[in-house]
Amino acid sequence: MTEATYLHATRTAYDIVAVDYAELLSAELEAKPLDRAMLTTFAELVRASELGPVADLGCGPGRVTAHLHSLGVTVFGIDLSAEMVAVARRTHPDLRFEEGSMTALDLADDVLGGVVAWYSTVHTPPELLPTVFAEFHRVLAPGGHLLLAFKVGDERRHLEQAYGHELSLDVYWMPPDHVAELLDEAGLVVDARLIREPDESERPRQGQQAYFLARRPGKP
Ligand SMILES: C[S@@+](CC[C@H](N)C(=O)[O-])C[C@H]1O[C@@H](n2cnc3c(N)ncnc32)[C@H](O)[C@@H]1O
């Protein structure tokens, strides 16, 4: 799949589901202590390093952006979907959200203290992940941190329905070792991997979930 095709399909799908996605997932983090633990650790790391703001890339309705903000992190969100950005702005009027793609960010080099991609690389065809990880490396300051959440597996699932709507959307389940290799090839060092089992709300359709903390090496 070309970059343009995947971006168009993903944007269209999330424009359709934005309002319902936001409602259905608004309280999801409250029931996921391990996910919150990774976000808390990431927040502590970026606060301590004082290298710049955090970008929540593929922020959707901004629930993770807002959670990080509540942990004292200076953070803004970027998403491909105009409808998602509109929902995020309405829900969190005190925070900044912009349209954009993580494949070509409108950000200067070395400006971010952190990047979060919380289940937002899951629609990127694996052959395009090197482009995305190269962008993460480019915009992170040396010493800046990355938090990546994704679904563990080795397959593409094509969805025709989600969040109560008909749509057309690919989801890629990725082997953690392969993701670690791609991050390494992009010049990012993986500091920690959490692989957790699916919880009750995720079974039986979902499998293991992965959370990687990585870092652009180098002294600030
Ligand atoms: C599963 S949702 C996750 C949203 C949010 N991170 C959360 O956890 O609620 C995936 C989001 O990633 C966004 N996305 C996918 N590919 C993207 C890209 N190339 N650039 C920016 N956003 C992208 C979608 O528009 C969608 O809002």
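The values are calculated or read from the model by the stated rules, or taken from the named source; none is laboratory data. In this text the structure is predicted, and so the values were computed from the model without any measurement. Calculation scope for accessible area: heavy atoms of the full protein, side chains included, ligands and nucleic acids excluded. Shrake-Rupley method; radii C 1.70, N 1.55, O 1.52, S 1.80 Å.
For a test of the definition: using alpha carbon positions, the gyration tensor, and the 1.5 limit on a/c, classify the chain as rounded, prolate or oblate.
Rounded shape, in that the Cα axes give a/c under 1.5.
Under the rule of at least 5 residues apart or a separate chain, name every residue whose amide H is placed under 5 Å from the amide H of Glu98.
Gly77, Ile78, Asp79
Hey, can you grab everything whose amide H is under 5 Å from the amide H of Asp191? Only 5+ residues off in sequence or another chain; H modelled, so Pro and N-termini drop out.
Leu213, Ala214, Arg215
So what's the projected area for segment 6-100, the Cα convex hull averaged over all directions, in nm²?
Taking a quarter of the hull surface, the average projection is 6.2 nm².
Mean-square fluctuation check for the chain, GNM, Cα pairs under 10 Å: which of His67, His158, His123 is largest?
Comparing His67, His158, His123 in the GNM, the peak value goes to His158.
Quick one: ranking Glu135, Glu166, Glu28, Glu44 by accessible area, 1.4 Å probe, largest first, what do you get?
Glu166, Glu44, Glu28, Glu135
Taking only protein heavy atoms into account and a 1.4 Å probe, give the accessible area per residue of the chain in Å².
46 Å²
Using only C-alpha positions, report the orientation-averaged shadow area of the convex hull of segment 149-220, nm², one decimal.
Reported value for the Cα convex hull: 6.4 nm².
Counting each DSSP H run of 4 or more residues in the chain as -39500 (n - 2.57), what helix-only mean residue ellipticity at 222 nm follows after dividing by all residues, to the nearest 500 deg cm²/dmol?
Mean residue ellipticity, 222 nm, calculated: -11500 deg cm²/dmol.
Counting only protein heavy atoms and a 1.4 Å probe, tell me what percentage of the chain's accessible area is made up of carbon and sulfur.
Solvent-exposed carbon and sulfur of the chain make up 51 percent of the total.
Using DSSP H assignments, which helices in the chain have an axial alpha-carbon span of 20 Å or above and a mean Kyte-Doolittle hydropathy of 0.0 or higher?
Flagged H segments are 3-25, 33-49.
Can you list residues whose amide H is under 5 Å from Gln208's amide H, if they're 5+ apart or on another chain and H is modeled 1.01 Å from N?
Answer set, sorted by chain and number: Val152.
Over segment 3-215, what is the relative contact order in percent, taking alpha-carbon pairs closer than 8 angstrom and at least six residues apart?
20 percent
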